[in-house]
1. So which pairs qualify, if the first residue must be in region 21-36 and among the hydrophobic types (A, V, I, L, M, F, W, C), the second must be in a helix (DSSP H, G or I) and buried (at least 18 other Cβ atoms within 10 Å of the Cβ), the Cβ gap must be under 8 Å, and the two must be at least 6 apart or on different chains?
2. Need the failing condition index for residue 231 against (1) open to solvent by 60 Å² or more (accessible area, probe 1.4 Å); (2) within 27 Å of residue 15 (Cβ to Cβ); (3) assigned to a helix (DSSP H, G or I), just the number.
3. Could you check region 89-182 for helices (runs of 4 or more DSSP H) lying wholly inside it with 1 or more residues that are at pLDDT 95 or above and in contact with a Ser or Thr (Cβ under 9 Å, 6 or more places away or on another chain)?
4. Mind checking which residues of region 65-92 are within 20 Å of residue 123 (Cα to Cα) and among the hydrophobic types (A, V, I, L, M, F, W, C)?
5. Do we find a residue being open to solvent by 40 Å² or more (accessible area, probe 1.4 Å) and in a helix (DSSP H, G or I) anywhere in region 203-210?
6. Just to be sure before I move on: is residue 108 within 15 Å of residue 139 (Cα to Cα), surrounded by 13 or more Cβ atoms within 10 Å (Cβ to Cβ) and touching a strand residue (DSSP E or B) at 6+ places or on another chain (Cβ under 9 Å) in the structure I sent?
7. What's the number of the condition residue 44 fails, among (1) open to solvent by 60 Å² or more (accessible area, probe 1.4 Å); (2) at pLDDT below 95?
8. Given the conditions (1) closer than 26 Å to residue 10 by Cα; (2) open to solvent by 20 Å² or more (accessible area, probe 1.4 Å); (3) not β-branched (Val, Ile, Thr), report the number of the one that residue 197 does not fulfil.
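The values are calculated or read from the model by the stated rules, or taken from the named source; none is laboratory data. Predicted, not measured: the structure shown is a model, and the values here were computed from it. Here the Cβ positions follow ideal geometry from the backbone for every residue, glycine too, while neighbour counts run over all protein chains shown. Keep in mind that these areas ignore ligands, DNA and RNA; they rest on the heavy atoms of the full protein, side chains included. Shrake-Rupley method; radii C 1.70, N 1.55, O 1.52, S 1.80 Å.
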Amino acid sequence: MIDIHCHMLPGIDDGAKTLSQALDMARLAVASGITDTVVTPHFHAGRYENTRESVQAATRQFQACLQEHDVPLRLHSAGEVRIGAELMGMVAADQVPFLGSLDGYRLVLLEMPHSHSPVGADKLVKWCLQRMIRPVIPHPERNKDVMRDIEAITPLVELGCLLQVTAGAVAGDFGAMAGKRAGQLLERGWVSFLASDAHNTHRRIPNLEPGRAAAAGIIGEEASWQLVRDNPRKMLYAPMREVSS
């Protein structure tokens, strides 16, 4: 399995705090059947001032550490970008930590606030799509607006955004309403990826299998594997195309 959303790099956001904890997270990932992890630290102006180059360097360093400790996990560098006007500057400066590429579009993990869907999100999404950048919206099932009304996410889906649901939410780890919304999004065929959004080694661990198995009960075995294996693989290994600002 391939986990496309994980806060495993140590000491750079609200994920792993130490190298030891990061190594433990990597071992948990491997033990749960994950072969590849896309490390996605937060890019959030004023809070987590990461850059594409700093994250790539941290990824290389941690990959070397995994090899030294015989942890057979392949890392891929990306980021979870907070929605905002800053993204336009990042595109212009070629600083977007893209997840990968799919169907000719570069994919960016574009995080909404948990509390609401911000006004103007549709305009930013359209701006991105005009530049062949397709947003992947992480954990929509945990957004308060979507929890109140699933149709809150419909406009972004209709524009062309992809959705990444948290595997733990499908398995029931984030409460009844998040689980209900995750199931409904799966039933509608709107989910392209399941990911762990792991942050630590206790409550938010890198484990996809319980969520995949729960998803299989909703959409079938074959479709569940597409969300944790086939779609992530296509995204990671498709050729990138140049993006104009």
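1. Partner pairs satisfying both residue conditions: 22/62; 23/66; 26/66.
2. Every condition holds for residue 231 apart from (1).
3. Details: elements: 121-130, 144-148, 154-159, 167-170.
The helices (runs of 4 or more DSSP H) meeting that bar are 144-148, 154-159, 167-170.
4. To start, the set of residues in region 65-92 that are within 20 Å of residue 123 (Cα to Cα) comprises 80-92.
Of everything in region 65-92, those that are within 20 Å of residue 123 (Cα to Cα) and among the hydrophobic types (A, V, I, L, M, F, W, C) turn out to be 81, 83, 85, 87, 88, 90, 91, 92.
5. Yes, some residue in region 203-210 is open to solvent by 40 Å² or more (accessible area, probe 1.4 Å) and in a helix (DSSP H, G or I).
6. Numbers: within 15 Å of residue 139 (Cα to Cα): yes; surrounded by 13 or more Cβ atoms within 10 Å (Cβ to Cβ): yes; touching a strand residue (DSSP E or B) at 6+ places or on another chain (Cβ under 9 Å): yes.
Against the criterion (within 15 Å of residue 139 (Cα to Cα), surrounded by 13 or more Cβ atoms within 10 Å (Cβ to Cβ) and touching a strand residue (DSSP E or B) at 6+ places or on another chain (Cβ under 9 Å)), residue 108 qualifies.
7. Just one mismatch for residue 44, condition (1).
8. It is condition (2) that residue 197 fails.
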